[in-house]
Amino acid sequence: MASESPSHFHGWSPNNTTLAFVAQRNGSGQYDIYGMPADGGAEKQLTSNIHQDDGPDYSPDGKKMVHIDYPAGTPTHYPRNVQIELKLVAINHGKVATSQKTLVKAIGGQGTMNVNSWLRTPCASPT
């Protein structure tokens, strides 16, 4: 992983070439999403905003990413009862678009709202 900290690993791109993770850099207290080549190399900041970003997950085709967006100032990775937004962003040649679409607003947080939700096949409804 990257030499700076704290960093929290989250997952792989669909083609297994990029690691997605959440990190705080330069003592800012701000968590953003980063990516880095799976075989080593420099990390690349993928999101930058006043919110606390967490839980990145790539779509199966690698063209989109969803993540949880906590309000600014929220101590991420721990709260369970704050207003969050599930965001969808496009990825173009490894860069996340600056515009993000809010998919849902909810009360939740770590352990109550997990992003890893891309389904390759539909789930059967309970009977």
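The values are calculated or read from the model by the stated rules, or taken from the named source; none is laboratory data. Note that the coordinates shown come from a computational prediction; the quantities given were computed from them, not determined experimentally. Here the Cβ positions follow ideal geometry from the backbone for every residue, glycine too, while neighbour counts run over all protein chains shown.
Go through segment 48-67 and give me each residue that's touching an Asp or Glu at 6+ places or on another chain (Cβ under 6 Å) and at pLDDT 85 or above.
Asp53, Val66, His67, listed by residue number.
Determine which single condition Ile84 fails, assuming it passes every other condition in (1) free of Cβ contacts under 8 Å to residues at least 60 places away in the same chain; (2) closer than 25 Å to Asn16 by Cβ; (3) not acidic (Asp, Glu).
For Ile84, the exception is condition (2).
If I go through segment 17-59 residue by residue, how many of them are in contact with a strand residue (DSSP E or B) (Cβ under 7 Å, 6 or more places away or on another chain) and under 23 Å from Val82 (Cα atoms)?
Count: 17.
Being of a type in the set (Lys, Arg) and under 12 Å from the mean Cα position of the chain (by Cα) is the filter here; which residues of segment 4-59 pass it?
none
Based on this model, can you work out whether Gly62 counts as under 16 Å from the mean Cα position of the chain (by Cα), among the small types (Gly, Ala, Ser) and within 19 Å of Gln83 (Cα to Cα)?
no
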